[in-house]
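Please treat every number below as a calculation from the coordinates, not as lab data. Everything numeric here is computed off the predicted structure, so don't read it as measured data. For neighbour counting, all protein chains shown are included, and Cβ atoms are generated from backbone atoms with ideal geometry for every residue, glycine included.
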């Protein structure tokens, strides 16, 4: 029985150690992001209204130029893609006309084939239906301090320090 318990504890520990990296694989987004540029055309926004502005996330709270949620049921999910999978994903076909994402990723030195792209969906339930919000797609790239957000006709570039 002692041998069984010893083996069982080791199996559980090994299982835990193998599981943790997959749980932690998405890039951390709970930080203060600064808008540093954009690629494309701002249809209705003025450049001065977004450039240099901030978007911040912290657990269930968010505040910024694109999205706010005051501990009102915020949740975050994401999908992981390789660069190639992301660039050919039909969901982003309209946005990616003229190879916009390829140009933005290349401009920011992010075209390594082994790099992972995380497409985040951030939602705020709010206290009533009218308060519900979605920030999507908020895109981060493995081992980078940059994020991208599709807003109007442009891909907005954000960075954290």
- [ ] Report the dimensions of segment 14-161 along its three principal axes from the alpha-carbon atoms, largest first, rounded to Å.
- [x] 53, 40, 31
TODO: With r as the distance between the Cβ atoms of residue 46 and residue 161 and R0 = 35 Å, compute the FRET efficiency 1/(1 + (r/R0)^6) and round to 0.05.
DONE: 0.85
TODO: Counting only C-alpha contacts under 8 Å and six or more residues apart, can you give the relative contact order of segment 26-159 as a whole percent?
DONE: 30
Open item on the list: What does the extension gain come out to for residue 70 and residue 94, with contour length at 0.36 nm per residue minus their alpha carbon separation?
Closed with: 5.5 nm
Open item on the list: Taking the Cα of residue 79, stepping 7 Å toward and past its beta carbon, and measuring to each backbone N in segment 124-143: which are under 18 Å?
Closed with: 134-142
